Amino acid sequence: MNTMAQQAVIFMARGGASGAQIADSARGFMAELTTTFLGTVNPQTGLAEQAGLEWGIYHFLRPGSMAQQAQFFLDKARAADVLHSDTLIAADYEDAGVSLAQLEEFMEAIETQTGRSPVLYSGHVLKDKGGGNAQPGLKKYRLWLAQYATTPKLPSGWSKYWLWQWTDKGTVPGISGSVDCNDYQGTATQLRA
């Protein structure tokens, strides 16, 4: 488990039975394959599966061709044999040099090539650029809000989050070091869907 601590994304209860169920039954999500267009790949699916964690893959967007980045990401996921029908796919939107139009282009490319809707992970960059009101096509994607606070403030265009990453200083028994903690307002079955 220690080798996963940097990438672990743990669902913690934040008031409500559903959060407690997630913490007890699902144990969390593990971001397994991370890519940037610079060529970095980090697959650790075996460790997540051994630990009983749900896991997914994400691509950290950088300025440049979104079509090339989407293809690179999917090629690496296929080569690592981690792109399955139940794999969570996410776009990590934290670089202000990537426009909202480019973000939408990436999301659409992933959706077209996989037949599945990716998750949008972002925080202040999405908010600073005007969110879904500035780029209406983005509103159809589930939002994984990254905002370290006691109360989430959604970007324009979204009325709810799918996940809310509220801290990077969480602790979980069996994992050394700090982990990202997320709030999920649903059941373990809904999370896996």
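Of note:
- Residues satisfying the stated conditions in the stretch 152-176, i.e. assigned to a loop (DSSP other than H, G, I, E, B) and under 21 Å from Y93 (Cα atoms): P152, K153, L154, P155, S156, G157, W158, S159, K160, Y161, W162
- Residue check: D81 meets all listed conditions (1) modelled with pLDDT of 95 or more; (2) closer than 20 Å to W55 by Cβ; (3) out of contact with any strand residue (DSSP E or B) (no Cβ under 8 Å at 6 or more places or on another chain) but one, namely (1).
- R14 at pLDDT 55 or above and either surrounded by fewer than 21 Cβ atoms within 10 Å (Cβ to Cβ) or of a type in the set (V, I, T) (or both): no
- Residue within the stretch 99-108 that is open to solvent by 10 Å² or more (accessible area, probe 1.4 Å) and in contact (Cβ under 8 Å) with a residue 40 or more places away in the chain present: yes
- Tally of residues being open to solvent by 10 Å² or more (accessible area, probe 1.4 Å) and aromatic (F, W, Y) across the stretch 87-98: 0
- Q69 passes every criterion in (1) farther than 25 Å from Y184 by Cα; (2) open to solvent by 10 Å² or more (accessible area, probe 1.4 Å); (3) among the polar types (S, T, N, Q) apart from (2).
- Any hit, the stretch 132-140, residues being modelled with pLDDT under 90 and in a strand (DSSP E or B): no
- Scanning the stretch 109-128 for residues that are of a type outside the set (A, V, I, L, M) and buried (at least 19 other Cβ atoms within 10 Å of the Cβ) yields P118, Y121, S122, G123.
- Leading residue by the ranking (least open to solvent (accessible area, probe 1.4 Å)) among those in the stretch 140-193 that are within 16 Å of the chain's Cα centre (by Cα) and of a type in the set (K, R): R142
- All conditions but one from (1) within 23 Å of D183 (Cβ to Cβ); (2) touching a residue at least 24 places away in the same chain (Cβ under 8 Å) apply to K129; the one that does not is (1).
- In the condition set (1) in a helix (DSSP H, G or I); (2) more than 15 Å from the chain's Cα centre (by Cα); (3) within 24 Å of Q165 (Cβ to Cβ), F73 is compliant with all but (2).
The values are calculated or read from the model by the stated rules, or taken from the named source; none is laboratory data. Quick caveat, the model's predicted, so the values are computed rather than measured. All Cβ positions, glycine included, derive from the backbone under ideal geometry; neighbour counts span all protein chains shown. These area figures cover heavy atoms from the full protein model, side chains too; ligands, DNA and RNA do not enter into them. Shrake-Rupley method; radii C 1.70, N 1.55, O 1.52, S 1.80 Å.
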